[in-house]
Amino acid sequence: MDKITVHHICFWGVYYLDLPIEYYRIKMIEKIGLPPREERYNRLVDAGWNVFRLRSRDVFIDLLTDSGTGAMSKDQWASLMMGDESYAGADSWYRFKEAVENVLGFPFVLPVHQGRAAERILYTTLLDISKPADIVPANTHFDTGKAVIEFYGGKPFDLPVREALDYKTNYPFKGDIDLEELENTLSTGNVSFILLVLTNNTMGGHPVSPENIRETRKLASDYDVPLVMDISRFAENAFLVKERHPSYRDKSVRDIVRETMSYADHVIMSAKKDGLANIGGFIATRSEELYNRMSGRVVLEEGYVTYGGLAGRDLDAIATGLREVIDEDYLKSRVSQTRYLHKRLAEEGVAVVHPYGGHAVYVDVLETLPHLPREQFPADALAVHLYLESGVRGVGLGALAFARETEEGVVYPENEFLRLAIPRRVYTVSHLDYVAKSLGYVASRPREVKGLRIVWEPPIRGIRHFLARLEPV
Ligand SMILES: *Cc1c(COP(=O)(O)O)cnc(C)c1O
């Protein structure tokens, strides 16, 4: 091998040769096991045919969610020992506040126990302020955020770009909001606030482009409504922008993050995603007035404003995680795993949503299981069947989660997806190969997948997929 090739491989090889590779090594392991098929069947019966209700010990490879399921680094474990558990004004709080300011650039932050508490407090406060304006347009709402807006009497509108609805194309920024639709909605005068979810989890984990963010900012200013971002995956969004946008190739992820944040008035964060922590979340804002207004609610609902329902050590783990997550070696490993699983599934003939996103691979279930009607919850049926055949747990995101009863009957969501979310720094490439082979096998025998019906569902709208009990049709 001549010198140039060596140089090439040293600096670029593993990435540009398209090899998924982990920029970390394993220091501590957890045993996992694969129960026999018969036992998996019995576990499904016990779980009411809902994979959320399975015991994790009965799952072999768990791609249910990337939320709070990541592995912490040794620096994060060391941070735990630094935790200051004082009730108010702890050192952990100051380290956390400084990390949020340093990485994201927001002067005011309120910690909360996880992302949905941030959604609840920020979204309902903004809905209160804007009354009677109650529409919340978004690139696509996330399930817990959508549920809290509806519960509070608001109207969540999903306005994804048209390109996002065609799963076969490689349009790079399918996370974008439809600007024309957004302007039409704004012109009604009934918009409470605009929401951009980075990355667009519900649509496929796709990134939002810098142009789209800038244009959305402009519209928010023109119509004088706040621009809120759900930044649960801000680092993955920035990395995908760097990877896909020619003008951002030479910018650092840190700078792309800072530029993105500069357009937001307020943000919510689930630290269980790009906080690289197992628990936690926060609201951050540039508005002192809004900070003051929300701080009472945090005290009432979460905990004192310097801990927000978290232990001091959790705040330290998040502070360290926020600095680690913008490390580009880490992000390369992260996204190369997603890209690899996406590629392998496509090779196995599985109808994946294109292109790959940041944290998960999405399977188009309507194409995979054309024989199953929507009222039999095909996405969840596929999740159940995949577990039965392989011990792999994904999650259905379709009719069970998003169908709505209206006066005209049931309205089904656009998508029926099986989402395979990859926990951060947890699985190896051979685990991903096992998943690809397993789902390839299942997808090649669609007729073996049985539809499901509901036996029991909870009374709150929008969250039945977490709790429902089902049975095969
Ligand atoms: C996970 C998530 C949330 C909610 O956060 P939790 O920490 O699970 O409460 C909100 N928005 C997005 C985009 C998420 O992925």
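None of the figures in this text is laboratory data; all of them are computed from the coordinates on show. In this text, all values refer to a predicted model and were calculated from it rather than measured experimentally. So basically every Cβ, Gly included, is an ideal-geometry build from the backbone, and we count neighbours across all protein chains shown.
In plain terms, the residue of 144, 169 with the fewest other Cβ atoms within 10 Å comes first and the most crowded comes last, giving 169, 144. Estimated from helical segments only, the mean residue ellipticity of the chain at 222 nm is -12500 deg cm²/dmol, where each DSSP H run of four or more residues counts as -39500 (n - 2.57).
Note down the magnitude of the dipole of the stretch 59-132 about its Cα centre, charges +1 on Lys and Arg C-beta and -1 on Asp and Glu C-beta and zero elsewhere, to the nearest 20 debye.
Numbers: 6 positive and 10 negative charges, 47 e Å.
Computed charge dipole of the stretch 59-132: roughly 220 debye.
The mean sequence separation of alpha-carbon pairs under 8 Å and at least six residues apart, normalised by the residue count of the stretch 74-324, gives a relative contact order of 32 percent. Going by neighbour counts of Cβ atoms within 10 Å, the residues 323, 344 line up, fewest first, as 323, 344.
Summary of the geometry: the stretch 120-176 and the stretch 422-473, compared by the centres of their Cα atoms, lie 25 Å apart.
Just so you know, the Cα atoms of the stretch 338-473 work out to an Rg and Dmax of 14.9, 49 Å.
Could you work out the relative contact order of the chain? I mean the mean sequence separation of Cα pairs under 8 Å and 6+ apart, divided by the number of residues, in percent. Don't skip to the answer; put the middle values down first.
Details: 986 pairs, mean separation 109.5, N = 473.
Relative contact order for the chain comes out at 23 percent.
Projected onto their three principal axes, the Cα atoms of the stretch 74-324 cover extents of 50, 44, 27 Å, largest first. Within straight-line reach of residue 332, meaning a Cα separation under 22 Å, sit the following lysines at least 8 residues removed in sequence or on another chain: 27, 74, 174, 242, 251, 272, 273, 343. Projecting the Cα atoms of 287, 263, 223 onto the dipole axis of the stretch 74-324, where Lys and Arg carry +1 and Asp and Glu carry -1 at the beta carbon, places 263 farthest toward the positive end. Pairwise alpha-carbon distances in the stretch 106-244 exceed 23 Å for 31% of all pairs.
For the residues 456, 49, 77, what sequence is obtained by ranking on other C-beta atoms within 10 Å, fewest first?
By the 10 Å Cβ count, ascending, the order reads 456, 77, 49.
Going by amide H atoms built from the backbone, whose H comes under 5 Å of the H on residue 204, apart from near neighbours? Those qualifying (amide H under 5 Å, at least 5 residues apart or on another chain) number zero.
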